[in-house]
Ligand SMILES: Nc1nc2c(c(=O)[nH]1)N=C([C@H](O)[C@@H](O)CO)CN2
């Protein structure tokens, strides 16, 4: 198995949705991210510079999300995977997006994608 770094239920704010009321205010999305990353060098050296810094990545995802405006979760998901690949060098991004406020009468809806680069 490849090593993985993960972040669960990362709360981000973004302007997302197809309906008029969704174009007026940012909504919360909850992200589960699993990122393939070889952790051996970090484990051998105890040095953060050789690790995938999940704190830095979380901050970048939050800041990026604040700037975006998409209609579909699919577009948000695709663009986010491309960002994580291009800025953090991750070859495989597994992303689950939970949109808690989207549909009445259920806990959440969303999507789950994986992109290999
Ligand atoms: N597959 C998708 N279906 C829907 C989306 C979406 O992003 N992907 N979005 C909406 C609305 O924005 C919805 O979340 C508002 O309740 C509907 N279906």
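Take the alpha carbon gyration tensor of the stretch 5-117, find the square roots of its eigenvalues, order them as a ≥ b ≥ c, and report rounded if a/c is under 1.5; if not, report prolate when a/b exceeds b/c, else oblate.
It comes out prolate by the Cα gyration axes.
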Task: Residues listed by number, the stretch 1-37, amide nitrogen under 17 Å from residue 44 label point at 7 Å toward C-beta - done: 3, 37
- [ ] Obtain the nm distance between the two label points defined at residue 34 and residue 13 by a simple spin-label model: each point lies 7 Å from its Cα along the Cα-to-C-beta direction.
- [x] 3.1 nm
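For residue 59 and residue 111, calculate 0.36 nm times their separation in residues minus their Cα-Cα distance, and state this gained length in nm to one decimal.
16.5 nm
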TODO: Select from 30, 15, 72 the residue whose mean-square fluctuation is largest in a Gaussian network model of the chain (Cα-Cα springs shorter than 10 Å).
DONE: 72
TODO: Can you pull the one-decimal nm distance between simple spin-label points at residue 86 and residue 72, each 7 Å off the Cα toward Cβ?
DONE: 2.0 nm
Task: Taking 76, 54 and counting other C-beta atoms within 10 Å, the order from fewest to most - done: 54, 76
Open item on the list: Springs between alpha-carbon pairs under 10 angstrom, Gaussian network model over the chain: which of 83, 48, 66 fluctuates most?
Closed with: 48
Open item on the list: With a cut-off of 8 Å between alpha carbons and a minimum separation of six or more residues, what is the relative contact order of the stretch 4-116 in percent?
Closed with: 29 percent
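Readers should treat all values here as calculations from the given coordinates under stated rules, not as data from a laboratory. Given the structure is predicted, the values throughout are model-derived calculations rather than measurements. Neighbour counts run over all protein chains shown; Cβ positions are idealised from the backbone, glycine included.
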